[in-house]
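Here is the structure we will look at, set down as structure tokens.
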């Protein structure tokens, strides 16, 4: 499905629409819905920051395993503006977490509590210094100010592996203890694979 919003081309895969429909219909506890809402808040934070700096993306692609923003104007922005845009998703999640916590304390809505947990989890996860995550992207920008590009990428690879390998080991322990919770292991393995693939493309 393709459409245009505020001059931006938006492409949404049929599979994503189908999965979201099933989630809405069968997610009685609203846990998955809260996770999806946290992701939407995160990406909306990036887009809002881009709007503030008058940098509208050319295209947004949404699929089941990908949220891609085509932004060819990123190299024209200052480092400070790019840092704010990169970290805006984390800031949006933290802001939403504060708001939903207040609503939960006042109204006692269970969904707000689930959304609070999802926002905090996503904000902390994206803050990790791993090159594919917002924290890693921000750290890479800072490193590039003091180190040559290749050296900065090497340092980021070392930092990424130093974070992801313990996360993968923790994921094994969580899976062993729970018997069915493999989300941390799967996510860590996926990010490790991305780091390896990036090095092969160099």
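Okay, residues lined up against (1) free of Cβ contacts under 8 Å to residues at least 40 places away in the same chain; (2) under 11 Å from the mean Cα position of the chain (by Cα); (3) not assigned by TED's automatic domain parsing to the domain that holds residue 29:
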| residue | (1), (2), (3) |
| --- | --- |
| 100 | yes, no, no |
| 107 | yes, no, no |
| 110 | no, no, no |
| 135 | no, yes, yes |
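Taken residue by residue, the stretch 153-167 has no member that is in contact with a helix residue (DSSP H, G or I) (Cβ under 8 Å, 6 or more places away or on another chain), assigned to a loop (DSSP other than H, G, I, E, B) and either more than 19 Å from residue 135 (Cβ to Cβ) or modelled with pLDDT of 80 or more (or both).
Report yes if residue 47 is part of a helix (DSSP H, G or I), at pLDDT below 70 and surrounded by 14 or more Cβ atoms within 10 Å (Cβ to Cβ), otherwise no. Considered against the rule, which asks whether it is part of a helix (DSSP H, G or I), at pLDDT below 70 and surrounded by 14 or more Cβ atoms within 10 Å (Cβ to Cβ), residue 47 comes out as no.
One residue is enough: does the stretch 118-134 have a residue meeting the conditions in a loop (DSSP other than H, G, I, E, B) and modelled with pLDDT under 85?
Yes, some residue in the stretch 118-134 is in a loop (DSSP other than H, G, I, E, B) and modelled with pLDDT under 85.
Of all residues in the stretch 178-187, those that are farther than 21 Å from residue 163 by Cβ and part of a helix (DSSP H, G or I) total 1. Looking at residue 126, is it over 30 Å from residue 53 (Cα atoms) and within 21 Å of the chain's Cα centre (by Cα)? Spelling it out, it is not the case that residue 126 is over 30 Å from residue 53 (Cα atoms) and within 21 Å of the chain's Cα centre (by Cα). The lone criterion from (1) buried (at least 17 other Cβ atoms within 10 Å of the Cβ); (2) modelled with pLDDT of 85 or more left unmet by residue 71 is number (2).
Here's the yes/no breakdown for (1) closer than 20 Å to residue 121 by Cβ; (2) touching a residue at least 60 places away in the same chain (Cβ under 8 Å); (3) surrounded by 16 or more Cβ atoms within 10 Å (Cβ to Cβ); (4) outside the structural domain of residue 87 (by TED's automatic domain parsing):
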| site | (1), (2), (3), (4) |
| --- | --- |
| 143 | no, no, yes, yes |
| 147 | no, no, no, yes |
| 154 | no, no, no, yes |
| 158 | no, no, no, yes |
| 168 | yes, no, yes, yes |
| 171 | yes, no, yes, yes |
| 188 | yes, no, yes, yes |
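The values are calculated or read from the model by the stated rules, or taken from the named source; none is laboratory data. All values reported here derive from a predicted model rather than from experimental measurement. Glycine gets a Cβ as well: all are built from the backbone with ideal geometry, and neighbour counts include every protein chain shown.
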